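Notes follow the structure.
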Amino acid sequence: MTTTSVTTDGKTEAATALRKVQQRVAAIGFFAIASHGVIGTIAGAYVVEGQGRHDAAVAFIAMSAIIALLTFGGVRIILQRSLWAPMWIALALVPTAVAIVWLR
């Protein structure tokens, strides 16, 4: 049988660990769903570029950057972390950067 110790604020260590796992699972689920928006807008840019509509493709790429930043913000809020994380912001924009290079 396992025993749990009580922390100073009255919550058990097990309850704190469970909350952390729940946050991480929610963040992963949110990311998995929301990242489809980034990939979908990039795919839309590919389609409209093939139709000769370069301006529309650029707009799709810009939308993918906005969706990527919203996804980043949602994950950080779920995890209760600071929104200022330059490395993670840059990583969130990698698919958009690759699409910009492809669009040239």
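The values are calculated or read from the model by the stated rules, or taken from the named source; none is laboratory data. Just so we're clear, the structure is a prediction, and the values are computed from it rather than from any experiment. Don't worry about glycine lacking a Cβ; one is built from the backbone with ideal geometry, like all the others, and counts go over all protein chains shown.
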*Would you pick out the residues in the stretch 75-88 that are among the hydrophobic types (A, V, I, L, M, F, W, C), in contact with a helix residue (DSSP H, G or I) (Cβ under 8 Å, 6 or more places away or on another chain) and farther than 15 Å from A34 by Cα?*
L79, L83, A85, W88
*Just name the residue that is nearest to the chain's Cα centre (by Cα) out of those in the stretch 49-104 that are under 21 Å from I28 (Cβ atoms) and in a loop (DSSP other than H, G, I, E, B).*
L93
*Which numbered condition trips up A32, out of (1) under 9 Å from the mean Cα position of the chain (by Cα); (2) among the small types (G, A, S); (3) surrounded by 15 or more Cβ atoms within 10 Å (Cβ to Cβ)?*
(3)
*Only one of (1) on the phi < 0 side of the Ramachandran plot; (2) of a type outside the set (D, E); (3) modelled with pLDDT under 95 is not met by L69, so which one is it?*
(3)
_Taking the conditions exactly as written (aliphatic (A, V, I, L, M) and in contact with a helix residue (DSSP H, G or I) (Cβ under 6 Å, 6 or more places away or on another chain)), does A32 satisfy them or not?_
no
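Among the listed residues V58, V48, V21, identify the single one that is of a type outside the set (K, R), loosely packed, with under 12 Cβ neighbours inside 10 Å, more than 14 Å from A92 (Cβ to Cβ) and out of contact with any Lys or Arg (no Cβ under 8 Å at 6 or more places or on another chain). It would help to see each step written out before you state the result.
Working: V58 fails: loosely packed, with under 12 Cβ neighbours inside 10 Å; V48 fails: loosely packed, with under 12 Cβ neighbours inside 10 Å.
Matching residue, one of V58, V48, V21: V21.
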*Give the residues of the stretch 67-104 that are surrounded by 11 or more Cβ atoms within 10 Å (Cβ to Cβ), among the small types (G, A, S) and closer than 21 Å to Q23 by Cα, sorted by residue number.*
A68, G73, G74, A85, A92
*Of the residues L18, L93, L79, which is modelled with pLDDT under 95 and aliphatic (A, V, I, L, M)?*
L18
